[in-house]
């Protein structure tokens, strides 16, 4: 199978560095929902001029980024073109002056709105977040390249945002990490943040390879269709998934991690658990490695914008 749309799939990764204000910061153990919530509120203030009560205009930037919808499609079912990556620790108090790093990834059409997103990140820090809504100052924003090196594109003492930042296609990402001279027959998949894998309508804590692959393919092709002006892919996915069932899960060391968030839209607390840990697979993996590599950049499973579904793959020849 040849997936030429990888050439058009675009990804840009960044880190925002905050300095905690004089009151300190109180955050929950898992911070993804908190950051997503305040980001959405600040973004609406910055990028939505739609009349209240009449829905969003077709070219509302806020709606495109945060309430992505196509005609006759509920926004809830479409992937958003960004991922927030909060600190992956369970610290709940940050003293004044401490640095907090927030990673974020922009995909496809969202990349052009980087200046608006940086201004939004600045505003959410000024408004405050976490318990008590204490403030944190956006000090600097960095662009990441494929080697993980960072280049500063925004500083607090300069109003200018550097527009020379790294944007990569899916093909460039895959080519950078894939050694075509070696056949891959084993890989270990680390579920870094809670990963919500669904199969046959049920969440599962047993990450069979074909279930993982289905989730990655579904997410990447949806992101391509919605956020890259792409066409729906007509590949024979059934054959791909059937082939993936030949890959064996030989070791599963995952556990279910439960956490809750409060939904302002539904006015209730919601359980958002998922698996964390690692799983090892063996078999002829060559066909699937490009999907796994790109999966590291886009996350997988439900609620990826919170930072859920972050994975790391280790390949063995």
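What follows is calculated from the coordinates using simple rules that are stated; it is not laboratory data. Model, not experiment: these values are computed from the prediction. All Cβ positions, glycine included, derive from the backbone under ideal geometry; neighbour counts span all protein chains shown.
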At the level of C-alpha centres, the distance separating segment 271-317 and segment 78-96, in angstrom, is 19 Å
Full extension from residue 59 to residue 246: what is 0.36 nm times the residue separation minus their Cα-Cα distance, to one decimal in nm? 62.8 nm
Shape call for segment 178-316, from the Cα gyration tensor axes a ≥ b ≥ c (a/c under 1.5 means rounded, otherwise prolate when a/b beats b/c, else oblate), comes out oblate
Can you figure out the FRET efficiency of residue 205 with residue 179, using R₀ = 22 Å and their beta-carbon distance, to the nearest 0.05? 0.10
Tilt of helix 32-47 relative to the longest C-alpha principal axis of the chain, in degrees (0 to 90, nearest 10)? 60 degrees
How far is helix 114-127 tilted off the main Cα axis of the chain, in degrees rounded to 10, range 0 to 90? 50 degrees
So how much slack lies between residue 167 and residue 99, counting 0.36 nm per residue of separation and subtracting their Cα-Cα distance, in nm? 21.9 nm
Specify the residue with the greatest mean-square fluctuation among 44, 248, 52, computed from a Gaussian network of the chain linking alpha-carbon atoms under 10 Å apart. 52
Over all directions, the chain yields a Cα convex hull whose mean projected area in nm² is 16.9 nm²
On full extension of the chain, what length is gained from residue 231 through residue 29, given 0.36 nm per residue of separation minus the C-alpha to C-alpha distance? 68.7 nm
Rounded to the nearest 10 degrees, what's the angle between the helix 209-227 long axis and the longest principal axis of the chain, both from Cα atoms, 0 to 90? 50 degrees
1/(1 + (r/R0)^6) with r = Cβ-Cβ of residue 152 and residue 218, R0 = 30 Å, i.e. FRET efficiency to nearest 0.05, evaluates to 0.25
hull vol. (C-alpha, convex hull) per residue for segment 22-147, Å³ -> 132 Å³
What does the convex hull of the Cα atoms come to per residue for segment 90-179, in Å³? 134 Å³
Please report the spacing between the Cα centers of segment 156-186 and segment 1-66 in Å, no decimals. 21 Å
Applying 1/(1 + (r/R0)^6) with R0 = 41 Å to the Cβ-Cβ distance of residue 160 and residue 133, what FRET efficiency is obtained, to the nearest 0.05? 0.90
So for the pair residue 88, residue 145, with labels modelled 7 Å out along Cα→Cβ, what separation do we get in nm? 2.3 nm
